[in-house]
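Notes follow the structure.
Derivation of every value follows stated rules applied to the coordinates shown; laboratory data play no part. This one's a predicted model, so the numbers in the text were calculated from it and none came from an experiment. Positions of Cβ are generated from backbone atoms using ideal geometry, with glycine treated the same way; all protein chains shown enter the neighbour counts.
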Amino acid sequence: MDYTLFVLGSGGHTKEMLMMMDDGTLPFANTHRRYLISRGDTMSEHHLADYEARLQTLCAQIRGTSSSSSCSPGTHDKRTVTRARRVHQPLWSTPLTALLSIVDIFPALLTPPDNDVGRALRYPGRVFSNGPATGFFVALAVHLLKMGYVIPESCCKVIYIESWARISTLSLTGKLLLYTGIADVFVTQHQEVAARYGVQNAGEIVFNSRRLDDIEPSPVKC
Amino acid sequence: MAQFQRHCLVTVGATVGFKQLTEQVLQPEFWEFLSAEGFTSLRIQCGPDIGWASARLDSLRERVPKWLEVHVFETTPNLMMDEMMLCKAWSGLRRMGVVVSHAGTGTILDAWKVGLPVIVVPNETLLDNHQAEMAKHLAKEGYAITSTASYLDLQGAIHKADLLWQDNKSRWPPHTVKPQKAPGALRLWEMHPQEVEKEEDAQMTND
């Protein structure tokens, strides 16, 4: 049983997150993925739909080729939250929108999925984020819920993977998480930025992604 | 005789535009070079510069080489599926094309995923130097060739991209099973608080 939360946000961050997820890992039986999407972020919705469809296809392929194994892609659902900070939004108004986003984040963390996984696991085991501002507020909400003994310490481990685009400096979300220390795992994807802030470099995880030729090989090239 | 298609996609990002680059790839000299290299199609995504870009193209219509099609457009909802797929080799139909891009990470990642040679042209007029930094990183790792926004540099880069592509071919052969393509990178699904610590210990013992 596994229940994992993914914070998606803006096209670029979502693309990277899904590439890191799409590394061919399977099966996902008894596994639930919950996605947090910012309101109005249709691009992330499309990328996500593509990812989940590819996972289904991969499972069907595996079921087709091997006689014994039954491959399950697991289950997933989506929760929409108010965007913590729009790109170019003035800094002074950020606390207000952030507050609104936290109001949506609490129920997304506290309402278990409506399936067998959700009946067995009340809270996500891990929370993944890679840079959108919402990621910081999710980590903050987790921290507050743990301080108030609402959720146990062993749940909702916050795993922050800095965006692949950040080669030499951390993003604002990354800095906030580093200085508050509320992420349980904090890694970057480049050595330069890792060395500058004294954190762990996890390598270019985005390139674990399956490529198009892995998904549907094209005919012989000339 | 049936001619193989070969596509060159130029993309500048949806929001800011990149006038210098768009101007350079709308030079008739660049078109002649592409035609000589066997390209049959040049597609330019210009973003907000679409207005003058299509006017420029119209005024130069009669200078477009016979076997080359030049097309400008503002943007497309799914650049990867709609446009990049045209650059991919297809048996009996198309030769491997090339993508010329500003150093936007979304485009770079898409091109990597589709498996296309990429030439990155950092937009030096942008205030932050993230694009230059990204371009440098991509060149260092052999993911892409860098060029300035000058058609002469671009021509050299297209030659180089052909060569680099041969290298990458052997570095990233096609896989059917799940591969670890980024050697040394952790896998997202295997990242747990304890295991990351273990990984650190392992790394320290290796060092």
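Close amide H pairs (under 5 Å, H built 1.01 Å from N) link B:ILE44 with B:VAL10, B:HIS71, B:VAL72, B:PHE73, residues at least 5 positions away or on another chain. For the stretch A:2-215, the residue among A:VAL150, A:GLY198, A:THR4 whose Cα projects farthest onto the positive side of the dipole built from Cβ charges is A:VAL150.
Oblate is the label for the stretch B:7-177, because the ratio a/c of its alpha-carbon gyration tensor axes (a ≥ b ≥ c) is 1.5 or higher and a/b is not greater than b/c. Computed about its Cα centre, the charge dipole of the stretch B:7-177 is approximately 480 debye, with only Lys, Arg, Asp and Glu carrying charge at their Cβ. Helix A:133-147 axis versus longest C-alpha principal axis of chain A: approximately 70°, rounded to the nearest ten. Can you pick out the pairs among B:LYS66/B:LYS140; B:LYS113/B:LYS136; A:LYS15/B:LYS19; A:LYS15/B:LYS88; B:LYS19/B:LYS140; B:LYS66/B:LYS88 whose Cα atoms lie more than 31 Å from each other? Too far apart for the 31 Å limit: B:LYS66/B:LYS140. Per-residue Karplus couplings for the stretch A:105-115, computed as 6.51 cos²θ - 1.76 cosθ + 1.60 with θ equal to phi - 60°, are listed in order as 6, 3, x, 5, 7, 9, 8, x, x, 8, 7 Hz, Gly and Pro entered as x.
Summing Lys and Arg as +1 and Asp and Glu as -1 over all other residues whose Cβ lies under 15 Å from the Cβ of A:CYS155 gives a net charge of +2. Place a +1 charge on the Cβ of each Lys and Arg in the protein assembly as shown and a -1 charge on the Cβ of each Asp and Glu, then give the dipole magnitude about the Cα centre in debye, rounded to the nearest 20. Using Cβ point charges on Lys, Arg, Asp and Glu, the protein assembly as shown gives about 480 debye. Summing charges over neighbours of B:ASP49, with a neighbour being any other residue whose Cβ is under 15 Å away from its Cβ, gives 0 when K and R count +1 and D and E count -1. Taking other residues whose beta carbon is less than 10 angstrom from the beta carbon of A:PRO73, and scoring Lys, Arg as +1 and Asp, Glu as -1, yields +1.
Partner shielding of B:57-68 amounts to 0, given as the average count of beta-carbon atoms from other chains within 10 Å of each residue beta-carbon. Peptide A:195-208 is shielded by partner chain Cβ atoms: per residue, an average of 5 of them sit within 10 Å of its Cβ. Counting Cβ atoms of other protein chains within 10 Å of each residue's Cβ and taking the mean over peptide A:180-192 gives 2. Residues B:GLU190, B:GLU23 in ascending order of nearby Cβ atoms (within 10 Å, fewest first): B:GLU190, B:GLU23.
Distance from the C-alpha centroid of the stretch A:23-84 to that of the stretch B:69-123: 26 Å, rounded to the whole angstrom. Dipole orientation for chain A: of the candidates A:TYR160, A:MET21, A:SER93, A:SER93 has the Cα lying most toward the positive pole (charges on Cβ; Lys, Arg +1; Asp, Glu -1).
Give the percent of DSSP beta bridges with both residues in the stretch A:2-215 that are antiparallel, rounded to the nearest 5.
Of the beta bridges lying entirely in the stretch A:2-215, close to 0 percent run antiparallel.
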